[in-house]
Amino acid sequence: AVLVESVLVFSVVLSVHAVVWDRFSWCAVALAVQAFYVQFKWDRLLQLGGAVFQFRGAANSGLLPASMVIPLLGVVMKERCRAAGIVYFERFGVVVASTGMLLALFLSVLAVGITKPVPTNTCILTGIAGSVIIYTMKHSLTVSEVIEVLEVLLIFVYLSMILLYLLPRCFTPGEALLVLGGVSFVLNQLIKRSLNVIEGRGDPIDFFLLVAVVGVVLLGLFFTVLFIFMDSGTWISSMFFHMMTAVLGLGVIMPWLYRLIQRNPLFWLLQFLFQTQTRLYLLLYWTFLAASACGVVFYQNAKRSSESKKHQASTITRKYFHFIVVATYVPGLIYDRQLLYVAAVLCLAVFIFLEYVRYFRIKPFGQTLRHLLSLFLDERDSGPLILTHIYLLLGMSLPVWLFPRPCAPKGSLPGAGALVPYSGVLAVGVGDTIASVFGSTMGEIKWPGTKKTFEGTMTAIFAQIIAVALILIFDSSVNLNSSYAWILASVSLVSLLEAYTTQIDNLLLPLYLQIMLMA
């Protein structure tokens, strides 16, 4: 299974390399080769319990698929923005690619360093790949860009030491690289932009995302440290939690956002949300869907009898939420992507805040949330946090947030790139959902080395092709320019990756589909 997963990742890397064919795509190939070898060292460390931290069990390290995501995103973003003539975002793509490569190299060096006896061949390979990447960075980055890359690496190292210690068994090494690498990059971008504020420059919704992500992470770190010294389940601690959340929100996050957007954040948000009648209709529709999702949770818990406390929701039941999320995102993508962008940020902040309430048992809802959500746990929620619903939201939202709007002056990239914002809907909302439902109910032929079925994968590919046809009908901004073969190949590769990966597919699959469509 690991070998097939690696072959699929190499197929994506070589596809991007064939399209881009520059020094950074060559570096991506070198990084993939060394990550393939180092991945087995990480897997051995996890099996023997020799890793520095406690990682999520029942999965491999996922180093190769995770190592390639950020570098490939940077490479394809650089290429798209170069074609559009947007120099600033072309350089931004170079920084993203360089940062991703350096973070992946750090994780590889860490694995090689703690493996006993020292794997000589892997050390040599990692050294060669690292030399190629550093040499390329030396001749491609300015001094300020090098400093920016090193800043992200420094933040990543400290953040990893803190969060992997506080949250055992929540991530595999690959998932930690993706999640903590992303948070480190966002934090560095926020610091950089806060120190170089120019009035009227930058989109307020981009600042809104940066501040929201950093704000909820800092909030979690603050309360984690605080509740080491006091019991979080008492009413006094709960009142203190709510009071300090209000203080940090109104006293730190709001002024920070005000400095960036040069206006009152609350007034701006209200004006933005109710700016047009279409937005009002979308908000009402989304409220109805949110109420429906809550109804599913309460109904499934009501069905759970007192005799079957160990009963867990079925795969099909959990996929109800995938259908609801598809119904949420598709109208937003068609009618108002900016509103969807902001609404997804707000939803992410609410989800993480509610997870804090559940994790710390904050009264009056902490224990209730623990009881309600325990029904929907699966083997991937082996740590103290429940992250699968947050990963689902991230998988649907990241293609919207990472879409290079300045490099698409008409609001859409040419060819297959027009489907980039739909990557989450196609890969997770349609593909993963259909594969799980049909695979678990009608699948008989299993892929070698996995529990996934051939029927589920083929049905997922077919369903995604139908979804692309429907997008063409209902979204007039999408013009594929006869790039159907590339779309079919992209969807097929990602669907096969879903069958073989043991990483969080809600997070990984949309990013790989986005990379292929942007390429």
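The values are calculated or read from the model by the stated rules, or taken from the named source; none is laboratory data. Everything numeric in this text was worked out from a predicted model, so none of it was measured. No Cβ is skipped: glycine too gets one built from the backbone with ideal geometry, and neighbour counts run over all protein chains shown. Each accessible area value is taken on the protein alone, full model and side chains, heavy atoms only, with ligands, DNA and RNA left out. Shrake-Rupley method; radii C 1.70, N 1.55, O 1.52, S 1.80 Å.
Before moving on, here are some points about what is shown:
- Most positive-pole-ward Cα, VAL400, LEU257, TYR359, against dipole of the chain from beta carbon charges: TYR359
- Relative counts (whole %) of C-alpha pair distances in the range 1-201, using bins that are 10 Å wide: 9, 35, 36, 16, 3, 0
- Amide hydrogen proximity for THR453: with H placed 1.01 Å from N in the peptide plane, the residues at 5 or more positions away or on another chain lying under 5 Å are TRP447.
- Accessible surface calculations at 1.4 Å, restricted to protein heavy atoms, place the chain at 45 Å² per residue.
- Unpaired Cys in the chain, meaning no second Cys C-beta under 4.7 Å: CYS27, CYS123, CYS170, CYS294, CYS347.
- Three-way shape label, the range 123-212, alpha-carbon gyration tensor, a/c 1.5: oblate
- The range 118-146 versus the range 442-519: alpha-carbon centroid distance in Å: 33 Å
- Per-peptide average of other Cβ atoms within 10 Å, ordering 389-396, 343-350 highest first: 389-396, 343-350
- Converting phi to 3J(HN,Hα) with the Karplus coefficients 6.51, -1.76 and 1.60 and the offset θ = phi - 60°, the range 367-375 yields 5, 4, 5, 4, 5, 5, 7, 4, 5 Hz in sequence order, with x at every glycine or proline.
- Counted over the range 222-273 with a bin width of 10 Å, the fraction of Cα pairs per bin, in whole percents, is 23, 37, 22, 18, 1.
- Per-residue ³J(HN,Hα) for the range 171-186, Karplus 6.51 cos²θ - 1.76 cosθ + 1.60, θ = phi - 60°, Hz, x for Gly and Pro: 9, 8, x, x, 5, 5, 4, 5, 5, 6, x, x, 5, 4, 5, 5
- Across the chain, the longest run free of exposed loop sites, meaning GluC sites (Glu not before Pro) lying outside DSSP classes H, G, I, E and B with no more than 14 other Cβ atoms within 10 Å, spans 1-198.
- The calculated 222 nm mean residue ellipticity attributable to helices in the chain amounts to -24500 deg cm²/dmol, summing -39500 (n - 2.57) over DSSP H runs of n ≥ 4 and dividing by all residues.
- Amide H contacts of PHE55: ARG169, each under 5 Å away and 5 or more positions distant or on a separate chain (H built 1.01 Å from N in the peptide plane; Pro and chain starts excluded).
- Note on the chain: Cα convex hull, mean projected area over all directions, 24.4 nm².
- Highest average packing first - 210-220, 160-170, Cβ atoms within 10 Å: 210-220, 160-170
- Measuring nothing but protein heavy atoms, the accessible surface of the chain at 1.4 Å probe radius is 70 percent carbon and sulfur.
- Taking the chain and dividing mean pair separation by its residue count, relative contact order in percent (alpha carbons under 8 Å, at least six apart): 18 percent
- The Cα atoms of the range 147-265 give a gyration tensor whose axes a ≥ b ≥ c have a/c of 1.5 or more with a/b no greater than b/c, which makes the shape oblate.
- Phi-based couplings in Hz for the range 4-12 (Karplus 6.51, -1.76, 1.60; Gly and Pro marked x): 5, 4, 5, 4, 5, 5, 4, 4, 5
- Tensor-based shape of the range 1-115 (alpha-carbon gyration tensor, a/c under 1.5 rounded, otherwise prolate or oblate): prolate
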